[in-house]
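A short worksheet on the structure shown next.
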Ligand code: HEC
C-alpha cells in the first residue's frame, strides 16, 4: 500500500515551492524582455505631445537601402536635396518588406544628406562624401496620418547643421505629391538596390 510519511510530504512541498519560484522568476524575465522588445518595435521615432516629429536618432544602425547623389555641379549649383542621400529603413519594416514586398503601417524611411567633399581620390575621379548636412523622414501611419495621401507624412529637419530638434509635417503639396506621382507606394524603391533585392525575395 502507498503511504506518505511526513518527510516525503515536506520534501514534496519544498520541490513544488522551488519549481513555482523558478517559473515565476523565468516568466518575470520573459515578460520584461518582451515589454522592452515591444517598446523598441513600437517606436523607431518619437513625437511631441503636439504631434511634431523629434529628430530621429539611431537610424545609422538601421537597414541601409541605398545612396543617391544629386551633386550641385550637375544641378545649376544647387540641387533641391544636396548632394549625397543615404537612405535607411527601420529594421522591423525592412524584415516585413522582405516577407511582403510592401511598406507596413509604421514604416519609417530616413534620407540623410551629406555634401560632396572631394572629387578626386587615389581610386580615381568621382564624388566622395564630405560632411553630414541634412535630414528628411517619411513615415507611413494610417492612424496618425489618416488624411495624408497613402498615409505617408514627410518631415524635413533642414539642409544645414545644426538641424532642427523637432518639426511639423510638411504640406502634401511640398513633398507627398511628387512621391505619389513618381514612386511606387510613395517610396522610390527603384533607386534602392537593397530594397529591389529584398522585394524579389518576397515573391
Ligand atoms: C520633385 C520631387 C520630390 C519632392 C518635391 C520631394 N521628394 Fe523626396 N524624393 C524624391 C526622389 C526622386 C527620391 C529618391 C531619390 C533621391 O534621394 O533623390 C526621394 C526620396 C526621399 C526620401 C527617401 C525615401 C523614399 O521615399 O524614397 C525621403 C525620406 C524624402 N524623399 C523626403 C522628402 C521630403 C521631406 C520632401 C519635402 C520637403 C520631399 N521628399 C520632396 C523626390 C521628391
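Taken together, the values in this text are just the output of simple stated rules run on the coordinates, not laboratory data. Note that the coordinates shown come from a computational prediction; the quantities given were computed from them, not determined experimentally. Cβ placement follows ideal geometry from the backbone for every residue including glycine, while neighbour counts extend to all protein chains displayed.
The table below lists the values:
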| item | result |
| --- | --- |
| Residue order, fewest to most surrounding Cβ atoms within 10 angstrom, among 90, 147, 96 | 147, 96, 90 |
| Distance between modelled label sites at residue 146 and residue 129, nm, 7 Å Cα→Cβ extension | 3.9 |
| Ranked 99, 143, criterion: other C-beta atoms within 10 Å, fewest first | 143, 99 |
| Estimated distance in nm for a label pair at residue 196 and residue 163, the labels positioned 7 Å out from Cα along Cα-to-Cβ | 2.7 |
| Residue exposure sequence - 113, 163 - by fewest surrounding Cβ within 10 Å | 163, 113 |
